[in-house]
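Worksheet: the structure to be examined is printed underneath.
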Amino acid sequence: MIYANAHDIITDDVFVALPYLSRRADVFLKIEGFNPAGSIKLKTALGLIEDAERRGSVSVGVPVIESSSGNLGIALSSICAAKGYPFTCVVDPNTSESAIAHMRALGAEVVTVRKTDSNGGYLHSRIAYIHERLQRQPEMVWLNQYANPANTRAHYERTAKNLLAGLGRIDHLFVGTGSTGTFVGCASYLREHSPHTRIVAVDSLGSVTFGAAPGRRWIPGLGASRRPELCRPELAHEVVHVPEEDAIRECRRVARATGLLVGGSTGSVLAAIARREEEFRDRPRVAAISPDLGDRYLKTVYDDDWVESRFGTVRTAETPCLVGAPEGG
Ligand SMILES: Cc1ncc(COP(=O)(O)O)c(C=O)c1O
């Protein structure tokens, strides 16, 4: 297959069965990390950029700015490099060094804000920096993933459509929430095209998106210290808040059980499924979205010293499985 651009390489039809996770359900993980930007955010980035192009606000030479915990920044760096748009990404100390190096290698300017906001996160600080920068450089275009409907639309038109087409029937969907674009896009699509699907939004403990108490978080991707404007909580049948330790444990468990190294937010989604597993009846088909792979987390989620210094204990694959080994396994 020949592609005109690296950012045209989107794999939206890859699923892995996870029989180890449940005896009562068929669980499928939609793998979003097999593209050159390495995450689901390539679809978000393309949606945001193409929308800005349609409106005429972005063209060659016009500087673009966005706030990201890493993945959207990498995807935008890739697209902006190919299109000739100077790109500035505003990140925080939870963004991995490799994500920052990746963006810089693609020609982006990366600015790290270090001030935690009153909710223990950095989102307010990242956005405050963007406002300040826009004052100084009014020609810059802020894509604003947190409020831009083009974010949601990308997942309505691509992620959700391909999810349902690929699996045929989905009884439960577990989906993580950061900007909430994936959740709102997928939930809107499934409520129209598969109304029986039970939608579970998965957030990090410490995130305020669904009105829970703020707290310190370390793993980029899920959660926010300020509710994204896009969020529509009424689309979820249930919200599960997962402590980051549980996400780490599930990342390590799926790695040992299947050979698949997944990113931190995938661990959160799998932890939410494990938590609800006993309630599954009549062998449902359960879908979960894996936004990225684990190579970006080797120095965090998969590093014993990093985990020990933040969470006190290292939970390994030896931790007893919540549901035991698969039949005949
Ligand atoms: C690894 C990872 N998981 C989950 C998400 C959340 O996706 P969304 O912003 O669409 O809610 C992100 C967003 O950056 C991410 O990078």
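The values are calculated or read from the model by the stated rules, or taken from the named source; none is laboratory data. Computed from a predicted model, the values in this text were never measured in an experiment. Note that each Cβ is placed from the backbone with ideal geometry, even for glycine, and that neighbours are counted across all protein chains shown.
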Among the candidates Arg310, Arg296, residue that is within 14 Å of the chain's Cα centre (by Cα), assigned to a helix (DSSP H, G or I) and within 26 Å of Ile127 (Cβ to Cβ): Arg296
Filter result for Thr95 (in contact (Cβ under 8 Å) with a residue 40 or more places away in the chain, of a type in the set (Ser, Thr, Tyr) and part of a helix (DSSP H, G or I)): no
Output for segment 190-217, where each listed residue is part of a strand (DSSP E or B) and within 11 Å of Glu244 (Cβ to Cβ): Ser204
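Each row is one residue, and each column tells you yes or no for (1) touching a Gly at 6+ places or on another chain (Cβ under 6 Å); (2) within 12 Å of the ligand (Cβ to nearest atom); (3) of a type in the set (Phe, Trp, Tyr).
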| site | (1), (2), (3) |
| --- | --- |
| Arg133 | no, no, no |
| Trp142 | no, no, yes |
| Thr152 | yes, yes, no |
| Thr159 | no, yes, no |
| Leu163 | no, no, no |
| Ser225 | yes, no, no |
Criterion: modelled with pLDDT of 95 or more, in contact with a strand residue (DSSP E or B) (Cβ under 8 Å, 6 or more places away or on another chain) and crowded, with 24+ Cβ neighbours inside 10 Å - qualifying residue of Gly181, Gly176: Gly176
Single residue of Thr159, Thr197 found to be of a type in the set (Ser, Thr, Tyr), closer than 30 Å to Pro93 by Cβ and modelled with pLDDT of 95 or more: Thr159
Number of positions in segment 21-46 that are in a loop (DSSP other than H, G, I, E, B), more than 10 Å from the ligand (Cβ to nearest atom), within 16 Å of Thr11 (Cα to Cα) and not aliphatic (A, V, I, L, M): 3
Residues of segment 224-247 satisfying the condition of being farther than 18 Å from Ala187 by Cβ, part of a helix (DSSP H, G or I) and out of contact with any helix residue (DSSP H, G or I) (no Cβ under 6 Å at 6 or more places or on another chain): Glu244
Residue that is farthest from Asn5 (Cα to Cα) [pool: residues in segment 48-85 that are within 13 Å of the ligand (Cβ to nearest atom) and in a strand (DSSP E or B)]: Ser67
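Let's see how each residue does on (1) under 16 Å from Tyr85 (Cβ atoms); (2) surrounded by fewer than 17 Cβ atoms within 10 Å (Cβ to Cβ); (3) at pLDDT below 95:
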| residue | (1), (2), (3) |
| --- | --- |
| Ala105 | no, yes, no |
| Glu109 | yes, yes, no |
| Tyr129 | no, no, no |
| Gln137 | yes, yes, no |
| Pro149 | no, yes, no |
Set Thr88, Thr152: member being of a type in the set (S, T, N, Q) and part of a helix (DSSP H, G or I): Thr152
